[in-house]
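Each remark here refers to the structure printed beneath this line.
The values are calculated or read from the model by the stated rules, or taken from the named source; none is laboratory data. Since the structure is predicted, the reported quantities are computational estimates derived from the model, not experimental observations. Here the Cβ positions follow ideal geometry from the backbone for every residue, glycine too, while neighbour counts run over all protein chains shown. We work out accessible area using only protein heavy atoms, side chains counted, and drop any ligands, DNA or RNA first. Shrake-Rupley method; radii C 1.70, N 1.55, O 1.52, S 1.80 Å.
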Amino acid sequence: MIVQHNASLKSLNTFGLDVRANSYVRISSIEDLKHVEELPKPWFILGGGSNILFTKDFPGTVIHVDIRGRGIEGENKNDALVYGMAGENWHEFVRYTLQLSLGGIENLALIPGNLGTAPVQNIGAYGVEIKDVLERVEAFDLITQDVKCFSCAECRFSYRNSIFKGSEKGRYIITKVVLRLSKSPTVNTSYGAIQSELSSMGIVQPDIHDVARAVIRIRMSKLPDPAMLGNCGSFFKNPIINASVAERLQREHTTMPSYQTQREGMVKIPAGWLIENAGWKGKPIGNVSMHKHQALVLVNLGNATGNELYEHAQRVKQSVTETFGIDLEEEVNVL
Ligand code: EPU
């Protein structure tokens, strides 16, 4: 394990910010994790760098989890347990499961990031969340120095949340993720955008490969490629508000969409709609903007600094509060 000092993080965060870490270490095995104790604090655990906004240089150690490996751990007539180590790229892993003709994560194609960070925020898209297929997570406990297993229930998943982001934040480093995928999958095309994309592709009876292709086409048309335009996907969560408040707002703003949630009397409002209708979609200020095809995505138009991006996010957030009385909450971690 080699510790680098004053290391550039530019290629390790999808906003493309040229920030530095006082110390940086790449972890390629569980054995390496046993030595992190010796590294200067504070620590920041980095996966694919697709959900982090660095507003300044990092004063401690960036621990870059890059443990590789994937395979099938077990199977029966209906399912296979497919595992991947934390450093595997998420989309490469989705492709691997599609090559095996196993269904369950085709709707999550092309999400940036790594396997190890996917459960932290319970990644989701087009009607599916990782929790729907998650069998087990293994994580290194920084206190006991042991690897601990978490069942799906123990991860306490909710919308873009888990114990790894909440009550146990900072204690565990996820090392391995095991998914239960189906050998005879039923596709989930409940999300309207998928249905219309499949029709425009002329597909009537889609299989998992068709669904993945449709998802990739939708994402490529709306979401900027971080290699071309720095971004972290959705910058804010979709707010969940009281249904009666939503109805009152919808009388005033008749095009405002709302979606049912699992929680009685609460609905989800698309933050992208709120931001667009507060006037921020595709409106640049200096080097930053909310994306012209998806207002929920904060983009680095060129050489923005982390602070410029953060200030813009706060400007947009305040404007949405003033216009609609709804407070947005960041989905991306800000450091
Ligand atoms: N909308 C607008 N204007 C916009 C963007 C969206 O009016 O500029 C409205 C439209 O009514 C649209 C609705 O918002 O129908 C939903 O938009 P979209 O389907 O693009 O999804 P989203 O709610 O904005 C969420 C996830 C995405 C995920 C998509 C698809 C969150 C915070 N974001 O976005 O996840 O890909 O659904 O399932 O829940 C991410 O987390 O980084 C991410 C990209």
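Is there a pair in LYS183/LYS237; LYS41/LYS176; LYS56/LYS292; LYS131/LYS222; LYS77/LYS268 whose C-alpha atoms are over 30 Å apart, and which pairs would that be?
LYS183/LYS237; LYS77/LYS268
If the range 232-327 were replaced by its equivalent ellipsoid, with semi-axes equal to the square roots of 5 times the Cα gyration tensor eigenvalues, what would those be, largest first, whole Å? It would help to have the intermediate numbers written out before the result.
Details: eigenvalues 140, 32, 23 Å².
Sorted largest first and rounded, they come to 27, 13, 11 Å.
Mind listing the phi-derived Karplus ³J(HN,Hα) values for the range 225-237, rounded to whole Hz, using 6.51, -1.76 and 1.60 with θ = phi - 60°, and x for any glycine or proline?
The phi angles translate into 6, x, 5, 9, 9, x, 6, 10, x, 4, 7, 10, 7 Hz.
Excluding SER28 itself, calculate the net charge of residues whose Cβ lies under 10 Å from the Cβ of SER28, where each Lys or Arg counts +1 and each Asp or Glu counts -1.
The answer is -1.
Where does the Debye-calculated log10 I(q)/I(0) of the range 164-305 sit at q = 0.11, 0.14 Å⁻¹, using only Cα point scatterers of equal weight, no solvent?
-0.64, -1.01
Skipping prolines and chain starts, which residues have an amide H placed within reach, meaning under 5 Å, of the one on LEU46, given they are 5 or more residues away or on another chain?
ILE63, HIS64, VAL65
When only DSSP loop residues count, what GluC sites (Glu not before Pro) in the range 193-272 have their Cβ near at most 16 other Cβ atoms within 10 Å?
GLU264
Using DSSP, restrict attention to beta bridges with both residues in the chain and report what percent are antiparallel, rounded to the nearest 5.
80
Over the heavy atoms of LYS148, what accessible area does a 1.4 Å probe trace out, to the nearest 10 Å²?
Approximately 90 Å² of LYS148 is accessible to the 1.4 Å probe.
From the backbone phi of the range 46-58, what are the Karplus-calculated ³J(HN,Hα) couplings (6.51 cos²θ - 1.76 cosθ + 1.60, θ = phi - 60°) in whole Hz, Gly and Pro given as x?
So the Karplus estimates, Gly and Pro as x, are 10, x, x, x, 9, 9, 9, 10, 8, 8, 7, 4, 8 Hz.
Using helices alone, what [θ] at 222 nm do you get for the chain, with -39,500 (n - 2.57) per DSSP H run of 4 or more residues, divided over all residues and rounded to the nearest 500?
One gets -6500 deg cm²/dmol as the mean residue ellipticity at 222 nm.
On the accessible surface of the chain, probed at 1.4 Å, how many percent belong to carbon and sulfur atoms? Walk me through the numbers on the way to the answer.
Numbers: 7390 of 15700 Å².
Carbon-and-sulfur percentage of accessible area, whole number: 47.
Determine the gain in length on full extension of the stretch ASP146-SER29; use 0.36 nm per residue of separation and subtract their C-alpha separation, reporting nm with one decimal.
Here the answer is 40.8 nm.
Could you order peptides 152-160, 129-137 by the average number of other Cβ atoms within 10 Å of their residues, highest first?
Highest mean packing first, the order is 129-137, 152-160.
In 10 Å bins starting at zero, report the fraction of Cα pairs in the range 170-228 per bin as a rounded %.
P(r) over the range 170-228, rounded to whole percents: 18, 35, 29, 16, 2.
What are the residues whose amide H is under 5 Å from the amide H of MET266, where those residues sit 5 or more places off or on another chain and H is modelled from the backbone?
So MET266 has HN proximity to ALA243, THR261.
How large is the accessible surface per residue of the chain, computed with a 1.4 Å probe and reported in Å² as a whole number?
47
What are the extents of the Cα atoms of the range 1-151 along their three principal axes, listed from largest to smallest and rounded to whole Å?
Result for the range 1-151: principal-axis Cα extents of 51, 33, 21 Å.
Quick one: compute the contact order of the chain, relative version, from alpha carbon pairs under 8 angstrom and 6+ residues apart, as a percent.
Answer for the chain is 16 percent.
Sorted from largest down, what three extents in whole angstroms do the Cα atoms of the chain have along their principal axes?
Result for the chain: principal-axis Cα extents of 58, 51, 37 Å.
Based on Cβ point charges of +1 for Lys and Arg and -1 for Asp and Glu, what charge dipole magnitude is obtained for the chain about its Cα centre, in debye rounded to the nearest 20?
Rounded to the nearest 20 debye, it is 420 debye.
For MET1, what accessible surface area do you get with a 1.4 Å probe? Give it in Å², rounded to 10.
Near enough 90 Å² of accessible area.
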